[in-house]
Amino acid sequence: MIHSTVKSATASKEKDNYRSLSSHIITLHRRLLHSLNLGTRWKWQSVNIEVQKNVLRSIAAFLDSISADARATRHTIIVKESAADILGALLWILQCKNEPLLSMASNVAVKLVSILPSPLLQPRLLDLVYCLSSLLSSHQVEVAIPCATALNLVISNLSATSEKAVIEALKETEISICIVRNIKDCGAQKIEYFLEMASLLSTILLRWPSSRFPVCNDVELMKVLANMRTRTDCAIKLVLLKLYTSLALCDSVAQKLIEDGKVFLQMIVQAMGKSNPHDVRIEGFRLAQCLLRSQENCLKVMNLCGEALVDAIICGMRETGPCSKKIENNYGSVLVEACKLAQITRWAGNHHIRFWKQGIDEVLLNLLIENIHDQSSELVLPLEKQISVVKEGLKLNYHVALRSYVWDILGWLTIHCGENSNPCSYTHESELHINLLILCACFTFVDAIQKWCRICQNDADDNFQSEPVSRAVLMMIYSPCNYISSHARFVLSDILKVIGNPCLKNSLHTLDYISSLKSYSSFDKLQLVINLIGLTCLSSLPQYQRCIIESRGIKTVVLLVQRCLSNDIHVERPEVAPHLHTVFHKRSCCWIGKGDWEGSNVLLFYGMWGLAEFLHQCGLLLDNPLEFTREVTNIKTQLVNELHEVCSSTSFSPGVK
């Protein structure tokens, strides 16, 4: 009874869905079925060219009708019923390679892959890939172009489960060799031919790392691309930038591209400029990100065009566009990519001076607090007024999705600021801007610590910025710049006057508990990192140092470091900082770098930083001079070996060293 009721309900729903479609679509669907019936039905075949032409017209008309009717995409029963037959017929016609019909069939293939949902193509996906790949070398431009377009759509929309099989099929057909040959021979062809072939190649290189270096080593191809760089057409600029980006995901290729010199780099910087459409600017920033992932590459580029590059980044970060709180538009996309590129501040160098001179302090503040100019028109504001401005500004969550990048950039700028440098001297308003930035970071950090120092806290809605802001405050406190360091400590002490001791005790308790767990969730790891950073920050403030020692804080950190040295706990920064996860990060190859500033295990790094601070404190407390020695006795050998390896090796990151 239940079964029949369900069956009846399903049938009723199907009828309703069918009735909801327009009569025009239903008519075209019937014509399509009639046309398909002219061939063999089980596995569609027909050598009659007129039948093939009629089928192609029927398929095209049906696809056009369902793409124009939003209801048809929602109620896909009629589409599902026809998909296998449509795909089978199209594949047969393409494989027949009747020249008068190939152009028509290729254009129908574009409609098919752009309109039908990917799951409906899945059963014959490899057949489609083989078929389209074989036609890329067609002497008919009208065939090769739509085949490239269709194949590009197929590869761009691949699921993770299909990708491996499709890539193997592409290897088998030697598709990259075919496309490269087409690009090199495209001189007499119309520009659309180059655009589609180059776009397809960039899509393939993005997903197929091993093909990047051979493509880049083709001298003739690289000359063709270099000649194309002189063209002013925005479509050409865009496809070139995407192709170079896919190539530059290979670090060996990135180094070769940089060696091409100033002309190539100027092309990238120019692409970031305001005179270009947003999609061109975005790709310019993305290409630069791929090229500047290592300190070595960064310094080379900075020596060639550092000032122009920094100016382009600052310009991109200033363009918040007409929106105030959302960044989901073109302006926002440029802004996000500019912020990502601004993380070249993680590498020390003269470009830091250029960033300060160009007002990076004002730019970062504008991304945190809306209309900050209206609220800080005076060069000098009392601390109470500064606190009021910051508290009200942060409540509005202005550009909240960018805050992780803002905190990272601020942290890098402060940790690489020289002991004798004075970032407050670059503009009249620099000191006020820096003071407000320190306040913003400290208030956000204290809020994060209050949330994360509780063991049962698992509903934090700002996970994305908790780690970056905690890290930024740590960097400010230990900045070589005396002004930044002293002011950060002063501000943090003032904010923590009332809540400091309870936060410290909760943080120590949480660290002690979580570090004793046998296994760790991503949430546990984030909580460990934030509390460990928080403990290290508080240990820099004299009023909390005795409490840390008397509460056995040293022992807690020693046990955590011990587990890190024994490989019981390993946390890489991207695990606790989601904004670092990018397509480029996943698709890179030949990347042999020192990793993040903190090294491969951030818990070990922050733990050792904390122990170094505790060692200094125990020397200052006359009644506890041996406290540190007692606590580290159990890991003394491991700790010394680790320190010796760090000091004697060149493979460790700058922060660890």
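Find the residue count for region 166-179, including only residues that are within 12 Å of Leu128 (Cβ to Cβ) and among the small types (Gly, Ala, Ser).
The number of residues fulfilling the criteria is 1.
So Gly595 ticks every box in (1) at pLDDT 80 or above; (2) at positive phi but one. Which box is left unticked?
(1) is the only condition that Gly595 fails.
Hey, can you tell me all the residues within region 381-392 that are under 30 Å from the mean Cα position of the chain (by Cα) and within 14 Å of Leu432 (Cβ to Cβ)?
Once the filter is applied, which keeps residues that are under 30 Å from the mean Cα position of the chain (by Cα) and within 14 Å of Leu432 (Cβ to Cβ), region 381-392 yields only Val390.
The rows are residues; the columns are (1) of a type in the set (Asp, Glu); (2) modelled with pLDDT under 95; (3) within 25 Å of Val583 (Cα to Cα).
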{"site": "Thr245", "(1), (2), (3)": "no, no, yes"}
{"site": "Asp251", "(1), (2), (3)": "yes, yes, yes"}
{"site": "Val263", "(1), (2), (3)": "no, yes, no"}
{"site": "Phe285", "(1), (2), (3)": "no, no, yes"}
{"site": "Leu309", "(1), (2), (3)": "no, no, yes"}
{"site": "Gly316", "(1), (2), (3)": "no, no, yes"}
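Does any residue of region 133-140 turn out to be part of a helix (DSSP H, G or I) and aliphatic (A, V, I, L, M)?
Within region 133-140 (the criterion being part of a helix (DSSP H, G or I) and aliphatic (A, V, I, L, M)), the answer is no, since none of the residues qualifies.
Can you confirm whether region 192-203 contains a residue that is in the same structural domain as Glu296 (by TED's automatic domain parsing) and surrounded by fewer than 16 Cβ atoms within 10 Å (Cβ to Cβ)?
Looking through region 192-203, at least one residue is in the same structural domain as Glu296 (by TED's automatic domain parsing) and surrounded by fewer than 16 Cβ atoms within 10 Å (Cβ to Cβ).
Checking Lys53 against (1) basic (Lys, Arg); (2) surrounded by fewer than 14 Cβ atoms within 10 Å (Cβ to Cβ); (3) modelled with pLDDT of 90 or more, which test does it fail?
Of everything listed in (1) basic (Lys, Arg); (2) surrounded by fewer than 14 Cβ atoms within 10 Å (Cβ to Cβ); (3) modelled with pLDDT of 90 or more, Lys53 misses just condition (2).
In region 302-319, what residues are part of a helix (DSSP H, G or I) and surrounded by fewer than 22 Cβ atoms within 10 Å (Cβ to Cβ)?
Selection gives Met302, Asn303, Leu304, Cys305, Gly306, Glu307, Ala308, Asp311, Ile314, Cys315, Arg318.
The values are calculated or read from the model by the stated rules, or taken from the named source; none is laboratory data. What you are looking at is a predicted structure, and each value in this text was computed from that prediction instead of being measured. Here Cβ is always computed from backbone atoms with ideal geometry, including for glycine, and neighbour counts include all displayed protein chains.
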